[in-house]
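Colleague: Have a look at the structure that comes next, please.
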Amino acid sequence: MDKERLTAEMDFRDSSSAVIRIRRRLPDFLQSVKLKYVKLGYGYSCNPATLLIFALILPLLLSLALTRLAFSAALLFLFGLYYATRPPPVYLVDFSCYKPSKERKISVESFLKMTEENGAFDENAIQFQRRISTKSGLGDETYLPSGITSRPPNLSMEEARLEAEAVMFGALDALFAKTGLNPRDIDILIVNCSLFNPTPSLSAMIVNHYKLRTNIKSYNLSGMGCSAGLISIDLAKDLLKANPNSYAVVVSTENITLNWYFGNERSMLLCNCIFRMGGAAVLLSNKRRDRARSKYELVHTVRTHKGADDKNYNCVYQREDETGKIGVCLARELMEVAGDALKTNITTLGPLLAFEHFCIHAGGRAVLDALQKNLGLSEWHMEPSRMTLHRFGNTSSSSLWYELAYTEAKGRVKKGDRVWQIGFGSGFKCNSAVWKALRGLPVLHDWRGNPWDDSIHTYPRHPSP
């Protein structure tokens with residue numbers, strides 16, 4: 001009670017009770033604080049030395065605070081600058097491969113019978129095609145267009161257009177169904193087909209069929225061989241960097257109808273034995289919100305062009321034979337040229353240890369054997385390429401997507417896996433792309449756009465030696 005002053009008031013309400021109220025008063029500072037300390041503190045604060053020290057320290061404290069503030073602002077600015085200027089990611093939302101109707105299937109024996117009955121080949125050419133076909137690695141379920149299999153062959157521009165429409169529209173319809181993409185939402189369209197270049201172009205054919213927007217950026221690549229699919233991917237990557245918030249569709253195919261060789265030169269007959277009907281459509285996006293639904297992210301693209309050397313330039317060459325018949329000549333030096341281009345490409349790309357899956361262009365059995373030996377790959381790594389060659393033949397630039405579809409159909413792709421696609425083509429060119437899986441892809445339930453829906457359970461197969 002000494003330290004707090006209390007007052008009491010008594011209020012008599014009646015004769016039998018009383019109410020006592022206790023009130024607290026403020027402390028008496030004159031008695032609780034000694035005035036000499038107040039005077040001493042005031043004296044120190046007014047001391048010139050104290051004021052001088054304070055005047056020296058205050059700028060230092062302010063400078064330190066401003067430095068911290070400036071450093072934080074600089075970090076925020078650099079982070080914002082990096083976020084604003086970094087290239088947007090390129091996502092592979094999904095892809096689809098075209099599978100022709102059963103009427104277009106042709107076995108090895110049917111192909112040889114068709115060759116014999118055609119009447120355009122001499123006996124040596126027939127026997128050569130028989131030897132190549134039995135060792136090519138192709139199975140009995142590949143596909144040829146009706147213009148080739150009809151009697152007699154109908155090698156008209158109309159038939160070639162019908163083949164192109166069937167392949168491209170078939171692949172695109174499946175892609176739009178899988179992704180739910182409205183065709184009018186496409187911002188960039190790239191079509192590659194090496195040997196068929198009509199007017200209007202194949203890209204214009206797609207624009208007309210799907211009634212695409214008038215401001216679409218469309219490109220049509222021709223004459224770039226079997227590696228043109230990855231050239232299209234690289235072009236799409238650059239265009240997506242320059243056009244934010246966009247969708248790009250890449251269509252890769254080859255046309256067989258107008259490029260069948262009806263002569264007797266062996267170097268040109270090879271294409272008849274291995275090339276078959278096929279095509280693929282790929283949807284790419286740089287929209288960050290599409291990451292959740294995309295399958296892969298593009299990590300690298302590497303392009304190697306050895307065309308400055310005459311041997312490389314001439315090893316795959318379209319020309320006329322001695323009788324004036326047009327065909328594509330495959331030189332004996334092809335394997336050597338391909339190996340040299342691959343070495344250059346690998347040197348640029350880096351070591352191979354980071355890849356879990358390989359999609360090597362199914363150019364032919366001999367090509368795959370040589371690449372397997374040079375790269376030291378196992379049969380498991382080569383399985384997608386060999387089985388694609390067996391089931392669909394050489395579908396040119398689209399073969400890489402049939403191989404990736406095989407890998408997915410087997411349920412082998414895990415989150416974080418890297419896929420290396422390698423394409424070879426005339427020029428001579430070797431191009432590659434590296435994809436990183438954004439999610440695991442278990443065994444498929446939705447087979448739309450995957451051409452292995454009715455045959456994956458029968459693979460792998462081991463072709464006869």
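Colleague: Out of curiosity, is L60 over 29 Å from the mean Cα position of the chain (by Cα), closer than 30 Å to R291 by Cα, surrounded by fewer than 20 Cβ atoms within 10 Å (Cβ to Cβ) and not assigned by TED's automatic domain parsing to the domain that holds A366? Working first, answer last.
Modeller: Working: over 29 Å from the mean Cα position of the chain (by Cα): yes; closer than 30 Å to R291 by Cα: no; surrounded by fewer than 20 Cβ atoms within 10 Å (Cβ to Cβ): yes; not assigned by TED's automatic domain parsing to the domain that holds A366: yes.
Criteria not met by L60.
Colleague: If you don't mind, another one. In region 428-453, what residues are crowded, with 21+ Cβ neighbours inside 10 Å and over 30 Å from A331 (Cβ atoms)?
Modeller: Step one: filter region 428-453 for residues crowded, with 21+ Cβ neighbours inside 10 Å, giving 428-433, 435, 437, 449-452.
Within region 428-453, W435, A437, G449, N450, P451, W452 meet the criteria.
Colleague: Moving on. Tell me which of these G225 doesn't satisfy, since it passes every other one: (1) at pLDDT 95 or above; (2) under 30 Å from R319 (Cβ atoms).
Modeller: Tallying (1) at pLDDT 95 or above; (2) under 30 Å from R319 (Cβ atoms), G225 fails exactly one: (1).
Colleague: Among the candidates G223, G263, single out the residue that is in contact (Cβ under 8 Å) with a residue 40 or more places away in the chain, touching a Leu at 6+ places or on another chain (Cβ under 9 Å), surrounded by fewer than 19 Cβ atoms within 10 Å (Cβ to Cβ) and closer than 30 Å to G327 by Cβ. Step through it out loud before you land on a result.
Modeller: Working: G263 fails: surrounded by fewer than 19 Cβ atoms within 10 Å (Cβ to Cβ).
Just one listed residue meets the conditions, G223.
Colleague: A further question follows. From E383, E320, E403, which residue is surrounded by fewer than 18 Cβ atoms within 10 Å (Cβ to Cβ) and at pLDDT 95 or above?
Modeller: The conditions single out E320.
Colleague: Could you tell me which numbered condition M277 fails, if it satisfies all but one of (1) crowded, with 16+ Cβ neighbours inside 10 Å; (2) part of a strand (DSSP E or B)?
Modeller: (2)
Colleague: Okay, moving on. Does any residue of region 148-168 turn out to be more than 24 Å from the chain's Cα centre (by Cα) and basic (K, R)?
Modeller: Scanning region 148-168 turns up at least one residue that is more than 24 Å from the chain's Cα centre (by Cα) and basic (K, R).
Colleague: Still on this structure: It is to be established whether one or more residues within region 223-244 are on the phi > 0 side of the Ramachandran plot and either under 19 Å from the mean Cα position of the chain (by Cα) or not hydroxyl-bearing (S, T, Y) (or both). Don't jump to the end; show me each part of the working.
Modeller: Pass one, region 223-244, residues on the phi > 0 side of the Ramachandran plot: 223, 225.
Those left that are additionally either under 19 Å from the mean Cα position of the chain (by Cα) or not hydroxyl-bearing (S, T, Y) (or both): 223, 225.
For region 223-244, residues on the phi > 0 side of the Ramachandran plot and either under 19 Å from the mean Cα position of the chain (by Cα) or not hydroxyl-bearing (S, T, Y) (or both): present.
Colleague: Restricting to region 147-167, give me the number of residues that are surrounded by 14 or more Cβ atoms within 10 Å (Cβ to Cβ) and not β-branched (V, I, T). Don't jump to the end; show me each part of the working.
Modeller: Quick first cut of region 147-167, residues surrounded by 14 or more Cβ atoms within 10 Å (Cβ to Cβ) only: 147-149, 153-155, 159-167.
From the residues that got through so far, the ones that are not β-branched (V, I, T) too are 147, 153-155, 159-166.
Going through region 147-167 one residue at a time, the tally reaches 12.
Colleague: Next question. Is it true that some residue in region 88-111 is modelled with pLDDT of 60 or more and over 30 Å from N255 (Cβ atoms)?
Modeller: In the first step, residues of region 88-111 are kept if they are modelled with pLDDT of 60 or more; the result is 88-111.
Right, trim to over 30 Å from N255 (Cβ atoms) and you get 88-89.
Looking for residues that are modelled with pLDDT of 60 or more and over 30 Å from N255 (Cβ atoms), one finds at least one in region 88-111, hence yes.
Colleague: Looking at region 148-169 only, could you name the residues that are among the basic types (K, R) and at pLDDT 95 or above? Give the derivation first.
Modeller: To start, the set of residues in region 148-169 that are among the basic types (K, R) comprises 151, 161.
Across region 148-169, the qualifying residue is only R161.
Colleague: Still on this structure, I have one more. Suppose the filter is surrounded by 17 or more Cβ atoms within 10 Å (Cβ to Cβ), small (G, A, S) and touching a helix residue (DSSP H, G or I) at 6+ places or on another chain (Cβ under 9 Å); does A370 pass it?
Modeller: Yes, satisfied.
Colleague: Here's another thing I want to ask about it. Checking the structure you have, find out if any residue of region 89-102 is closer than 27 Å to G363 by Cβ, surrounded by fewer than 18 Cβ atoms within 10 Å (Cβ to Cβ) and either not assigned by TED's automatic domain parsing to the domain that holds D453 or not basic (K, R) (or both). Give the steps one after another, and end with the answer.
Modeller: Step one: filter region 89-102 for residues closer than 27 Å to G363 by Cβ, giving 90, 92, 94-102.
From what's left, surrounded by fewer than 18 Cβ atoms within 10 Å (Cβ to Cβ): 101-102.
Keeping just the survivors that are either not assigned by TED's automatic domain parsing to the domain that holds D453 or not basic (K, R) (or both) gives 101.
Scanning region 89-102, I find at least one residue that is closer than 27 Å to G363 by Cβ, surrounded by fewer than 18 Cβ atoms within 10 Å (Cβ to Cβ) and either not assigned by TED's automatic domain parsing to the domain that holds D453 or not basic (K, R) (or both), so the answer is yes.
The values are calculated or read from the model by the stated rules, or taken from the named source; none is laboratory data. This one's a predicted model, so the numbers in the text were calculated from it and none came from an experiment. Using ideal geometry, Cβ is built from the backbone for each residue, glycine included, and neighbour counts are taken over all protein chains shown.
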